[in-house]
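Take this structure, written in structure tokens, and hold onto it; I'll ask about it next.
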Amino acid sequence: QVQLVESGGGLVQAGGSLRLSCSASGSIFSIYTMGWYRQAPGKQRELVASITTGGITYYADSVKGRSTISRDNAKNTVYLQMNNLKPEDTGVYSCNLGQRRYYGGPRYDYWGQGTQVTVSS
């Protein structure tokens, strides 16, 4: 099992910044991707950003240029720095870890409890 602990959400004014952190512990394989998903009220959950073990990143178009995802493999921790926040960034941000025992093998997903980000206009 894998446990994910998130921190860093909160209330911020438009144009402000937040840094989300997610630390993983437990039975973590060497091949894993960590990412952040967002669910806004009345909308489906969407992938905001992710980063692989090798450092390959993905950003949703809505946050590209305003956010940076990074990870500390030694600490099994992923960070999401969000700048120039907009009201549409509001939502519950959940950390995800998806891991495989070997390349091409089945993926096992784990989720954090979620942290609220509210951006006021």
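The values are calculated or read from the model by the stated rules, or taken from the named source; none is laboratory data. Model, not experiment: these values are computed from the prediction. Cβ coordinates were reconstructed from backbone atoms using ideal geometry, including for glycine residues, and neighbour counts include every protein chain displayed. Side chains are part of the model used for accessible areas, which takes the heavy atoms of the whole protein and leaves out ligands, DNA and RNA. Shrake-Rupley method; radii C 1.70, N 1.55, O 1.52, S 1.80 Å.
Would you be able to say whether some residue in the stretch 90-104 is over 16 Å from Ser17 (Cβ atoms) and aromatic (Phe, Trp, Tyr)?
The answer is yes; a qualifying residue exists.
Now for a separate question. Could you check the stretch 17-39 and list, in sequence order, the residues that are out of contact with any Lys or Arg (no Cβ under 8 Å at 6 or more places or on another chain) and either over 28 Å from Ser120 (Cβ atoms) or open to solvent by 20 Å² or more (accessible area, probe 1.4 Å) (or both)?
Ser17, Leu18, Arg19, Ser21, Ala24, Ser25, Gly26, Ser27, Ile28, Ser30, Thr33
Right, here's the next one. Report yes if some residue within the stretch 101-109 is at pLDDT 95 or above and within 11 Å of the chain's Cα centre (by Cα); otherwise report no.
No, the conditions are met nowhere in the stretch 101-109.
Got at least one residue in the stretch 7-16 being within 13 Å of Gln113 (Cβ to Cβ) and assigned to a strand (DSSP E or B)?
Checked against the condition, which is being within 13 Å of Gln113 (Cβ to Cβ) and assigned to a strand (DSSP E or B), the stretch 7-16 yields at least one hit.
Still on this structure, please answer the following. Tell me which residues, restricted to the stretch 68-78, are part of a strand (DSSP E or B) and either open to solvent by 80 Å² or more (accessible area, probe 1.4 Å) or touching a Phe, Trp or Tyr at 6+ places or on another chain (Cβ under 6 Å) (or both).
Across the stretch 68-78, the qualifying residue is only Ser70.
From Ser94, Ser62, Ser50, which residue is among the polar types (S, T, N, Q), assigned to a loop (DSSP other than H, G, I, E, B) and open to solvent by less than 70 Å² (accessible area, probe 1.4 Å)?
Ser62
Using beta carbons and a limit of 8 Å, which pairs, at least six apart or on different chains, have the first residue in the stretch 97-109 and closer than 18 Å to Tyr79 by Cα and the second one among the β-branched types (Val, Ile, Thr) and at pLDDT 90 or above?
Note: pairs meeting the criteria are Leu97/Val2; Leu97/Thr33; Gly98/Thr33; Gln99/Val2; Gln99/Thr33.
Residue under question is Thr77, and the condition is that it be without any contact (Cβ under 8 Å) to a residue 60 or more places away in the chain and out of contact with any helix residue (DSSP H, G or I) (no Cβ under 8 Å at 6 or more places or on another chain); does it hold?
Numbers: without any contact (Cβ under 8 Å) to a residue 60 or more places away in the chain: yes; out of contact with any helix residue (DSSP H, G or I) (no Cβ under 8 Å at 6 or more places or on another chain): yes.
Spelling it out, Thr77 is indeed without any contact (Cβ under 8 Å) to a residue 60 or more places away in the chain and out of contact with any helix residue (DSSP H, G or I) (no Cβ under 8 Å at 6 or more places or on another chain).
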